[in-house]
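Structure first, commentary second.
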Amino acid sequence: QVQLVESGGGLVQAGGSLRLSCAASGSICGINVMEWYRQAPGNQRDVVAGITNSGNIRYADSVKGRFTISRDNAKNTVYLEMNSLKFEDTAVYYCRLSCSLRQYWGQGTQVTVSS
């Protein structure tokens with residue numbers, strides 16, 4: 001079993017910054033991908049950024065240049081540094097771990113950006 005716990009969400013003004021964390025525990029395989037998704041009310045859940053255990057990174061076009069994903073493999077933790085936040089970044093942010101053909105999700109953390 002794998003457990004994911006996100007933290008760091010909150011309320012911030014437009015233009016501000018937040019840093020999300022997601023700590024994984026349990027039976028984590030060596031080759032894995034950790035990703036951040038987000039879901040706004042009425043919308044589907046979309047990928048925001050992802051990083052492999054070897055450090056390959058990808059971003060959604062909407063966050064390129066503003067968000068930075070990183071990970072600490074020793075701590076099995078992934079981070080999402082979010083800068084220049086916009087109202088449209090408001091959503092519940094979820095962490096996902098893909099490992100051995102399985103996907104595990106965290107419980108989500110709310111990010112609200114006031115305009």
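The values are calculated or read from the model by the stated rules, or taken from the named source; none is laboratory data. Note that the structure is predicted; figures quoted are calculated from it, not measured. No Cβ is skipped: glycine too gets one built from the backbone with ideal geometry, and neighbour counts run over all protein chains shown. Accessible surface areas use protein heavy atoms only, side chains included; no ligands, DNA or RNA. Shrake-Rupley method; radii C 1.70, N 1.55, O 1.52, S 1.80 Å.
At a glance:
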item	result
Count of the range 75-85 residues which are open to solvent by 10 Å² or more (accessible area, probe 1.4 Å) and either in contact with a helix residue (DSSP H, G or I) (Cβ under 8 Å, 6 or more places away or on another chain) or under 20 Å from ASP61 (Cα atoms) (or both)	4
Scan of the range 83-104 for residues that are on the phi > 0 side of the Ramachandran plot and acidic (Asp, Glu), ordered by number	none
The range 4-17, subset part of a strand (DSSP E or B) and either open to solvent by less than 30 Å² (accessible area, probe 1.4 Å) or without any contact (Cβ under 8 Å) to a residue 40 or more places away in the chain (or both), residue farthest from THR112 (Cα to Cα)	LEU4
Positions within the range 26-45 being touching a residue at least 12 places away in the same chain (Cβ under 8 Å), exposed (fewer than 13 other Cβ atoms within 10 Å of the Cβ) and within 18 Å of THR109 (Cβ to Cβ), in sequence order	ASN43
Flag for GLY50 being within 18 Å of VAL92 (Cα to Cα), small (Gly, Ala, Ser), without any contact (Cβ under 8 Å) to a residue 40 or more places away in the chain and assigned to a strand (DSSP E or B)	yes
Top-ranked residue in the range 8-33 [being at pLDDT below 95 and hydroxyl-bearing (Ser, Thr, Tyr); ranked as farthest from VAL78 (Cα to Cα)]	SER27
Among residues of the range 34-55, those that are in contact with a strand residue (DSSP E or B) (Cβ under 7 Å, 6 or more places away or on another chain) and within 20 Å of LYS75 (Cα to Cα), counted	8
Residue that is touching a Gly at 6+ places or on another chain (Cβ under 8 Å), modelled with pLDDT of 95 or more and aromatic (Phe, Trp, Tyr), where the choices are TYR94, TYR104	TYR94
Lone qualifier among ALA91, ALA49, ALA60 - being touching a Pro at 6+ places or on another chain (Cβ under 9 Å) and not β-branched (Val, Ile, Thr)	ALA91
Among residues of the range 53-109, those that are over 18 Å from GLY30 (Cα atoms), free of Cβ contacts under 8 Å to residues at least 40 places away in the same chain and in a strand (DSSP E or B), counted	5
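Rundown of residues vs (1) buried (at least 19 other Cβ atoms within 10 Å of the Cβ); (2) more than 18 Å from VAL5 (Cα to Cα), yes/no style:
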| position | (1), (2) |
| --- | --- |
| ASN73 | no, no |
| PHE87 | no, yes |
| CYS99 | yes, no |
| SER114 | no, yes |
